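> Following this message is one structure expressed as structure tokens.
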Amino acid sequence: MLKKVLKQIKDADYISKTNIATKLNKSVGLIEDAFSQLIRMGYLQVNDNKNNCNSNCNGCPFANSCANQLASKAIRITEKGERLLAK
Amino acid sequence: MATIALVGNPNSGKTTIFNALTGANQHVGNWPGVTVEKKEGKLNFNKKTFNIVDLPGTYSLGAFSEDEIVARDYILKDRPDVVINVVDATNIERNLYLTTQLLEMGAKVVIALNMFDEAKEKKITFDLDSLSKKLGVPVIPTVASKRKGLDQLIKNSVALIDQEVNFAPHLSYGENIDQEINKLKGLLSDKNLDYPSQWIAIKLLEGDQYIYDLVANHKGLNTSDEFISALQQLKTRAKDYELDIVNKRYEFISNITELSVTTPEVMVVTKSDKIDKVFTNKWLGMPIFALIMLLVFQLTFTVGEELLGGVMARVIEALGETIENYLITIKSPAWLIAFISEGIISGVGAVVEFVPLIVVLYMLMGLLEDSGYMARAAYVMDSLMRALGLQGKTFISMIVGFGCNVPGIMATRTLENKKDRLIATLINPFMSCGARLPIYLVFIAAFFPKHGGLVLFFLYLLGILVALLMGKIFSETLFKGESSYFIMELPPYRRPTVRNVLRNMWDNVSGFLKRAGTTIFAVVTILWILAVLPFGVEPYSANSILGQIGLWLAPIFKPAGFDSWQAAVGLFAGIAAKEGVIATLGMVCAGVEEGTALVTAIQSAFTPLTAVSFMIMTLLYTPCAAVIGTVRKETNSYKWALFTALYTFAIGWLGAVLVFQIGSLLGFS
């Protein structure tokens, strides 16, 4: 199943977990879990807009407009993921 | 005393069950050596007392977080008599992954199929007998929030305590892996390990580093040549096995749910998907984004200016008069009265006057953000960015830059590729930040009051286009190389909440007001001192220090059509903080004659054409000191900070000159 999810990501213009769940006839929850597994195992790399800022938001004058608050996520298939898809 | 542990995914209702079972009879501490909270309580049932332990919520039992390690160590080492696995009935497929891992551990499991009522509402039905048989464990439906099914849950759990049962699932991982498990089990047997050998074998095949370290340091194992050799061989193959093992777990779950759980036909196309077919369409996406932004700017003027416009101006005027009268009454020195009324009220007041429009603009932007549309906007721009050789995610930092360029530049940290990051940093100052808004608003009020939305839209658009153009130039000259490729995830659309929208608006407006009260106040104070010195000259005149600086700078802007010393000194102040442009103009133009509104003063100092060229200059020229400082910090280079300051000035100047010269040739004035 994980390879199928990876293939769906590869073929998509953008990621919609609902779309993938519908196409694979699985629940969205399971697809979410599959994403976590693929990220954990290094097949996917997530860029969730968290900018790894070391400063404390409470004292930061820019906390209000910080990118950490923007709900946006991007995902990349890693070389390991590409190798799996090529198999 | 027998112990019952509660384990489950986050938000499965585990803690609700724990509270329902233990009531006030509980205490909270920490698990040894970690900061994870440990909750324990007592349950009295059938005249017996049981120790109930609430384990941290987790999706799996690997070794990737403290929560996971705490939960799995407790189950394997402390061996509770029974483990109640709280499963969210509305999301059973995902929750059963944890169940599978619990069964692999050989724990005595009872499943609390929680939120059963919600599942019913969602028309999810369960064949509980089949589910129980397939999993090999009791499955009890519960509604923890209403305390339903809890007696049955405890009754089944207590009944298991003294029973000898084998809960290992009939789960085959495939011939190869099963053989490896058996081989490893043989090597691990009789070694007096903390964990069951079957489970250790699986974890070794999954490449679990924690377990590798454990067995590598075990005295009975690290002396066995056979085991060391097996372990070394395994390390190279484990990564492939891991995927197969996880896949087998999913297969196991699918086989069970296919026969035991019926879910209503999944809506083939959700509402979000339907909307996205239009909003993210290859051809329609971009024009829709442009239209939405145009609508936002138009509404900002319609609501902000026509309904709320003038409110703040009247408040500031009244406040200014009151303060001035009070200062006269208490016989304050003339310089103080001049400083307050002509410096602070005219300068800071000129900035604060535009708060109503900023309120409306950020409220509308908040609506777009909270609805999930902004992620679509970033996606729509993604393809264009890639076509230009830029990383699609750069647009996220650009969107953040609309609020303020400092966090916009900090947001480029999410870009991994150094090339992408540098380009995103260098082009971010072209995104029109909130501090530049009052400048446009004054000039729009003075020259284009009927087309405010349109002018604002084109200014923002111009900022984006210049940023993209410069990005393209940089990617082909200074920073050649491949951009990293990311696919954007689009969150589902959601109804914006009043709370989120208001909070977003307040965050921006309060930040704006805070800056007005601190940075702008400081800038205005310095500029006021420069505007009244040296003693003996007419304050705010060309003879003052500020006037002399302005006169020295003004020729630079002659080709752009605005060569007054006031405009030059305004732009100079804008490098300290962008609001300084309007604060300075407010002080040196409007503040000099009592009752002269800034807008009227601007009308006499500029023409519509020079107003446009001035707005373009302020949009594109050198960012404020805080942004330059951030570029230095983020690039760790004074060179790039200086480059940003200079090249943006050149672009701004060039833009303003082009507009003025071409406009003049075309007969505009």
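> So which residues in segment B:532-561 are within 19 Å of B:Ile439 (Cβ to Cβ) and in contact with a Phe, Trp or Tyr (Cβ under 7 Å, 6 or more places away or on another chain)?
B:Gly550, B:Leu553, B:Ala554, B:Ala560, B:Gly561
> Here's another thing I want to ask about it. Within segment B:543-569, which residues are open to solvent by less than 30 Å² (accessible area, probe 1.4 Å) and of a type outside the set (A, V, I, L, M, F, W, C)?
B:Ser544, B:Gly547, B:Gly550, B:Gly561
> Let me ask you something else. Can you report the number of residues in segment A:27-47 which are more than 8 Å from every other protein chain (Cβ to nearest Cβ) and surrounded by fewer than 17 Cβ atoms within 10 Å (Cβ to Cβ)?
Total meeting the criteria: 3.
> Going by the structure shown, is B:Leu357 touching a Ser or Thr at 6+ places or on another chain (Cβ under 9 Å) and either free of Cβ contacts under 8 Å to residues at least 40 places away in the same chain or open to solvent by less than 30 Å² (accessible area, probe 1.4 Å) (or both)?
yes
> Another question, if that's okay. Quick one: would you say B:Ile292 is under 28 Å from the mean Cα position of the chain (by Cα), crowded, with 20+ Cβ neighbours inside 10 Å and of a type in the set (Val, Ile, Thr)?
No.
> Residues that are closer than 26 Å to A:Ala34 by Cβ, at pLDDT 85 or above and in contact with a Phe, Trp or Tyr (Cβ under 8 Å, 6 or more places away or on another chain): list the strands (runs of 3 or more DSSP E) wholly contained in segment B:17-129 that include at least 2 such residues.
B:109-114
> Yes or no: B:Ala159 assigned to a helix (DSSP H, G or I) and either surrounded by fewer than 18 Cβ atoms within 10 Å (Cβ to Cβ) or touching a Ser or Thr at 6+ places or on another chain (Cβ under 7 Å) (or both)?
yes
> Still on this structure: Listed residues B:Leu327, B:Leu319; which is more than 14 Å from every other protein chain (Cβ to nearest Cβ), part of a helix (DSSP H, G or I), open to solvent by 40 Å² or more (accessible area, probe 1.4 Å) and more than 30 Å from B:Phe457 (Cβ to Cβ)?
After ruling out the rest, the residue left standing is B:Leu319.
> So which residues in segment B:401-424 are open to solvent by 10 Å² or more (accessible area, probe 1.4 Å) and either hydrophobic (A, V, I, L, M, F, W, C) or more than 9 Å from every other protein chain (Cβ to nearest Cβ) (or both)?
Within segment B:401-424, B:Phe402, B:Cys404, B:Met410, B:Asn417, B:Lys418, B:Lys419, B:Arg421, B:Leu422 meet the criteria.
> Hey, among B:Leu336, B:Leu364, which residue is within 30 Å of B:Ile288 (Cα to Cα), in the same structural domain as B:Phe521 (by TED's automatic domain parsing) and open to solvent by 10 Å² or more (accessible area, probe 1.4 Å)?
B:Leu364
> Considering only segment B:299-308, I want to know if a residue exists there that is at pLDDT 85 or above, away from chain A (no Cβ under 11 Å) and under 34 Å from the mean Cα position of the chain (by Cα).
Within segment B:299-308, one or more residues are at pLDDT 85 or above, away from chain A (no Cβ under 11 Å) and under 34 Å from the mean Cα position of the chain (by Cα).
> Now a separate question. B:Glu369 versus (1) buried (at least 24 other Cβ atoms within 10 Å of the Cβ); (2) under 15 Å from the mean Cα position of the chain (by Cα); (3) charged (D, E, K, R): which is the lone unmet condition?
(1)
> Within segment B:524-542, track down each residue that is surrounded by 22 or more Cβ atoms within 10 Å (Cβ to Cβ) and part of a helix (DSSP H, G or I).
B:Val524, B:Leu527, B:Trp528, B:Ala531 - these are the residues of segment B:524-542 that are surrounded by 22 or more Cβ atoms within 10 Å (Cβ to Cβ) and part of a helix (DSSP H, G or I).
> Among the helices (runs of 4 or more DSSP H) contained in segment B:172-242, which hold 3 or more residues that are within 46 Å of the chain's Cα centre (by Cα), under 18 Å from B:Gln101 (Cα atoms) and of a type outside the set (Ser, Thr, Tyr)?
B:175-188, B:197-205
> Can you tell me which residue in segment B:383-393 is nearest to the other protein chains (Cβ to nearest Cβ), limited to those that are open to solvent by less than 20 Å² (accessible area, probe 1.4 Å) and touching a Lys or Arg at 6+ places or on another chain (Cβ under 8 Å)?
In this case the residue turns out to be B:Gly392.
> So B:Ile396 fits all but one of (1) within 11 Å of chain A (Cβ to nearest Cβ); (2) of a type in the set (A, V, I, L, M, F, W, C); (3) out of contact with any strand residue (DSSP E or B) (no Cβ under 9 Å at 6 or more places or on another chain); what number is the exception?
Failing condition for B:Ile396: (3).
> On to the next question. Could you check B:Ser172 against (1) touching a residue at least 60 places away in the same chain (Cβ under 8 Å); (2) surrounded by fewer than 18 Cβ atoms within 10 Å (Cβ to Cβ); (3) under 16 Å from B:Asn85 (Cβ atoms) and say which number it fails?
Condition not satisfied by B:Ser172: (3).
> For B:Gly471, all conditions in the list (1) surrounded by 23 or more Cβ atoms within 10 Å (Cβ to Cβ); (2) at pLDDT below 90; (3) under 19 Å from B:Val380 (Cα atoms) hold save one; what is the number of the exception?
Status for B:Gly471: all satisfied but (2).
> Right, something else. For segment A:1-26, which positions are more than 7 Å from every other protein chain (Cβ to nearest Cβ) and of a type in the set (Val, Ile, Thr)?
A:Val5, A:Ile20
> Confirm whether B:Val631 is buried (at least 21 other Cβ atoms within 10 Å of the Cβ) and not polar (S, T, N, Q).
yes
The values are calculated or read from the model by the stated rules, or taken from the named source; none is laboratory data. Treat the numbers as computed from the prediction; the structure is a model and nothing was measured. Don't worry about glycine lacking a Cβ; one is built from the backbone with ideal geometry, like all the others, and counts go over all protein chains shown. To get the accessible areas, we keep the full protein, side chains included, count just its heavy atoms, and leave off ligands, DNA and RNA. Shrake-Rupley method; radii C 1.70, N 1.55, O 1.52, S 1.80 Å.
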